[in-house]
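Take a look at the structure set out below.
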Amino acid sequence: MTTRFSPLLETTAKFSLVVVLIFSALSPAFGAGGSFADVIASVQPKIVKIYGAGGLQGLEAYQSGFLISAEGHVLTTWSYVLDTDNDTVTVMLNDGRKFAGKVIGADPVLEIAVLKIDAKELPYFSLDQAADVAPGAMVLAFSNLFNVATGNEPASVQHGQVTAKTPMAARRGAFESSYRGKVYVLDAMTNNPGATGGALTDRRGKLVGLLGKELRNSLNNTWLNYALPVTEIAHAVDDIIAGKVRPRSLAEDKIKKPKEPMTLALLGVVLVPDVLAKTPPLHRSRRTKFPGVQGRVASRRSHPFRERPRGRFAESFDRRNGPHRPSG
């Protein structure tokens, strides 16, 4: 007995088969276990949440980071969140445990910092095994954006692609960014509060980059979603952990002036010119000398009978018409 199906049902079945075959072909690329979920599960224990300074004028007091050693070294971005009184912040692991994180070093030019927590045998990313991806590569961004995870909840994961690897051209407010190396430009919306310092990995879970700060593209004034390649900053991280002082030129140490400093016109401020002559403010402030007043100057706003001049004729005062002699 032969069973016949409608043309619509046959078309739907063929389309579903093609979709299944495509995902079956792509699934081994996501990790050793052949599962997208396995890759995320292997990365989550390496992501940490960082809480420190902030809270004033809308500044978020949190950001992200990730472990780079089994002894508790954490790599993150250098920002105001780490600017505490004793250089100590709160670091929360993926399982909800909290530790005091000490800032052991930072590189303001590269805008990176390394923290240290008192813990052992932790899962971590090895900087020596970091991957270098090309434009078009599929990547995953792990971070605690918007402080969604406040305890043992997993970090947020965003999926996207690398659109370009290019030198940094960005600014923060009116000031140009101090970092001038290459960055990965992403098509994922990673430029969100709390996302800075997160980890960018490839589809196999290998570390690729460090999610950058909230910056604007200085060429078109749009928000920039980017990550610092680990291959560009690995040597600096090793120097910070080793306690070495990284030499810089005098030009790098100088604070760069804004390319387009703020002006009154840009701020929308219009200055009012000085008070012109023969205007009410000027007349109210003018003082007139009356006849018969020996060296005295009377204001037009003074009381008309407050002071009477001494002399042969007594004068009366009129506030509107000034002094005059009595008739008769």
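The values are calculated or read from the model by the stated rules, or taken from the named source; none is laboratory data. Note that this is a predicted model, so its numbers are computed, not measured. Positions of Cβ are generated from backbone atoms using ideal geometry, with glycine treated the same way; all protein chains shown enter the neighbour counts.
Taken as a whole, region 142-152 holds at least one residue that is closer than 16 Å to residue 207 by Cβ, touching a Leu at 6+ places or on another chain (Cβ under 7 Å) and in contact (Cβ under 8 Å) with a residue 12 or more places away in the chain.
In region 87-110, the qualifying residues are those that are buried (at least 20 other Cβ atoms within 10 Å of the Cβ) and touching a residue at least 60 places away in the same chain (Cβ under 8 Å), and the one that is nearest to residue 40 (Cα to Cα) is 94.
If I ask for residues that are exposed (fewer than 14 other Cβ atoms within 10 Å of the Cβ) and either in contact with a strand residue (DSSP E or B) (Cβ under 9 Å, 6 or more places away or on another chain) or closer than 21 Å to residue 231 by Cα (or both), which ones from region 132-160 would you list? 134, 135, 136, 146, 148, 150, 151, 152, 159, listed by residue number. Assigned to a loop (DSSP other than H, G, I, E, B), surrounded by fewer than 22 Cβ atoms within 10 Å (Cβ to Cβ), touching a Pro at 6+ places or on another chain (Cβ under 9 Å) and at pLDDT below 90 - does that describe any residue in region 179-196? Yes: one or more hits.
Out of all the residues in region 103-122, is one or more modelled with pLDDT of 95 or more and touching a Pro at 6+ places or on another chain (Cβ under 9 Å)? Looking through region 103-122, at least one residue is modelled with pLDDT of 95 or more and touching a Pro at 6+ places or on another chain (Cβ under 9 Å).
Looking only at region 129-149, residues that are hydrophobic (A, V, I, L, M, F, W, C) and under 17 Å from residue 44 (Cβ atoms) come to 7 in all. Elements of the type strands (runs of 3 or more DSSP E) sitting completely within region 38-137 and holding at least 1 residues that are of a type in the set (Phe, Trp, Tyr): these cover 47-51, 62-67, 98-107. In this structure, is residue 171 at pLDDT below 90 and either within 16 Å of residue 134 (Cβ to Cβ) or assigned to a strand (DSSP E or B) (or both)? Spelling it out, residue 171 is indeed at pLDDT below 90 and either within 16 Å of residue 134 (Cβ to Cβ) or assigned to a strand (DSSP E or B) (or both).
Applying a threshold of 7 Å to beta carbon distances and a minimum spacing of six or more residues, or different chains, the list of pairs starting in region 115-136 at a residue that is within 29 Å of residue 188 (Cα to Cα) and ending at one that is in a loop (DSSP other than H, G, I, E, B) and of a type outside the set (D, E, K, R) reads 122/70; 122/72; 124/68; 124/69; 124/70; 125/68; 127/68.
To keep it simple, each residue is scored yes or no on (1) under 20 Å from the mean Cα position of the chain (by Cα); (2) β-branched (Val, Ile, Thr).
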{"position": "40", "(1), (2)": "no, yes"}
{"position": "45", "(1), (2)": "no, no"}
{"position": "48", "(1), (2)": "yes, yes"}
{"position": "55", "(1), (2)": "yes, no"}
{"position": "60", "(1), (2)": "yes, no"}
{"position": "77", "(1), (2)": "yes, yes"}
{"position": "82", "(1), (2)": "yes, no"}
{"position": "88", "(1), (2)": "no, yes"}
{"position": "93", "(1), (2)": "no, no"}
